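Each remark here refers to the structure printed beneath this line.
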Amino acid sequence: MPKGYVGKLLWVDLTSGKVATTALDEATARACLGGSGLGAKLIHERVRTIKGPLDPSNVLCFMPGLLCGTVVPGANRTMVCALSPATTAWGEARAGGAWGPTLKYAGYDGLIVTGKAKAPVYLWIENDQVEIRPADRVWGKGFFETDARLLEETHKDAVVAGIGQAGEKLAAMACVMFEGTYARSAGRTGMGAVMGSKHLKAVVVRGTGGVPVANPTGLMKRAAEYGGKEKTLFKRNFDLGTAGTVMATEAVGDMPIRNFLGGRWAEKAERVSGQVMFKKYGKHERSCLSCPSNCTLVVGRPAPGSATPRSTRPSAPSAACASATASRSSPAATSSATITGWTRSRRATRSPSPWRPSRRGCSARRSWGCRCAGETARR
Ligand code: SF4
C-alpha cells in the first residue's frame with residue numbers, strides 16, 4: 001500500500017445492520033487518489049443497482065482526500081458523494097474541518113453507507129469499534145444541538161458530521177454539516193437528503209491513530225515552507241476571511257446575487273464586506289485542521305447566558321449572496337442571514353412574490369445541470 005493511505009474501507013449497511021471492512025488495493029489507491037475519485041469508482045461499479053437518489057440502494061460515500069491527516073497545508077477535505085437528489089446524476093460536496101482526517105486516524109480511507117435503517121440512527125466510530133446507535137433523541141433537532149448532544153453521548157474529542165431538519169425532510173438542497181457551531185458544510189447536490197433518506201442522522205468519529213508517510217521529516221520541512229508562503233500570499237484571508245473579497249467581486253460585476261441574475265451592488269457591497277463586518281463583530285478563532293489560513297472567525301454576539309458563539313464568519317458568497325438576495329446590508333443582518341441560511345433571508349425579503357426553483361439551472365454555467373443556487377431565483 002502506498003504511503004498516505006491507511007489501507008482500509010469501512011462499509012455499513014443500515015438495512016441489515018452489518019458493518020464490514022475491506023482492504024483498499026494498491027492499484028485502486030494509485031488510480032483514484034482517494035477523495036471523490038475513489039467515491040466515483042465505488043459508485044460507478046454499483047450504479048446499475050441504484051434505483052434512485054433517495055432509494056435505500058443509493059451508495060453514500062464519505063471520502064477523505066488523499067493527503068488528509070498529514071501536515072500538508074489545507075489537506076483536510078472530506079468529500080461526500082452519492083447519486084444526487086438535486087440532479088439525479090453524480091453528486092459531490094466537500095467540506096473542510098477535521099472530520100476527514102479523524103476518519104483516517106480511526107483507520108479508514110473511506111466510509112460507504114448503503115441501505116436504510118428502520119428508525120433514525122447515528123454511527124459511532126471509535127477506531128476499530130463501530131456501532132449503529134438509535135438517534136431518536138436528536139431526530140427533529142437542528143445540527144448544532146445534535147452535535148452537542150452526540151458529543152455528550154460519545155466523546156468530547158469526537159467529530160460529528162450530520163444533518164438538520166432539511167436533510168430529514170429530504171430537501172434537495174440539504175447540506176451535510178460538520179463540527180457544530182464551527183460549522184463546515186458539504187453544501188452541494190443534496191447530500192444531506194441522501195443521509196435523511198437512509199434515516200442516518202449523523203456519523204460521529206474519534207480516531208487515535210495516524211497516517212503513514214514516506215519521509216516525515218522531509219514532508220514537515222516542505223509543509224512548513226509552503227505554509228509560510230501561503231501566509232504571505234493569503235494575508236487578507238487571515239485578517240478578513242473570504243468575505244474580504246466582496247468589494248473586489250462587486251467591482252467586476254461578479255457578486256452572486258439572485259443566482260447570478262445580478263452582479264453589481266455598488267451602493268451597499270462595502271457594508272457587508274469583511275473589511276466592515278468584522279471590525280464590529282469578528283474575532284479570530286480557528287482554522288480547519290492543518291490549514292495555516294486561519295480564515296474561520298466567529299461573528300455575532302453570543303446568545304444571552306451562553307459562552308457559545310452564534311456563528312462562524314460568513315464566506316464571500318454567503319455574505320454577498322444572502323444579504324444582497326435578501327436586500328439587507330447591515331453587518332448584523334448579513335451575519336444572521338448566513339447563520340440561519342436561506343429560509344431566514346427569504347423571509348426577510350418581505351416580497352409577496354413566490355420563490356420557485358429555477359428551471360434554467362446554474363446561470364453561471366459553472367456546472368451543467370447545476371441547480372445549487374437555482375432554488376433562490378425569484379421570477
Ligand atoms: S481554514 Fe479556511 S482556507 Fe483553511 S481549509 Fe478551512 S475553510 Fe479552507
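None of the figures in this text is laboratory data; all of them are computed from the coordinates on show. Because the structure is predicted, anything quoted here is derived from the model rather than measured. Cβ sites come from the backbone with ideal geometry, for glycine too, and all protein chains shown count toward neighbours.
Data overview
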{"item": "Separation of alpha-carbon centers, segment 106-137 and segment 157-204, rounded to whole Å", "result": "14 Å"}
{"item": "Convex hull of Cα atoms in segment 135-263, direction-averaged projection (nm²)", "result": "11.6 nm²"}
{"item": "Cβ crowding within 10 Å averaged over residues, with 250-262, 83-95 ranked highest first", "result": "83-95, 250-262"}
{"item": "Top positive-direction residue, dipole computed over segment 43-138 with Cβ charges, set THR88, LEU66, THR114", "result": "THR88"}
{"item": "Relative packing of peptides 4-15, 134-145 - highest average C-beta neighbours within 10 Å first", "result": "4-15, 134-145"}
{"item": "Under Karplus coefficients 6.51, -1.76 and 1.60, residue-wise ³J(HN,Hα) of segment 198-210 in Hz, glycine/proline x", "result": "9, 6, 9, 6, 6, 10, 10, 10, 9, x, 10, x, x"}
{"item": "Cα-projected label distance for ASP254 with THR232, points at 7 Å along beta-carbon direction, nm", "result": "2.5 nm"}
{"item": "Relative packing of peptides 42-54, 59-71, 109-121, 213-225 - highest average C-beta neighbours within 10 Å first", "result": "59-71, 109-121, 42-54, 213-225"}
{"item": "Per-pair calculated FRET efficiency, R0 = 51 Å: GLU225 and GLU267 via Cβ, rounded to 0.05", "result": "0.70"}
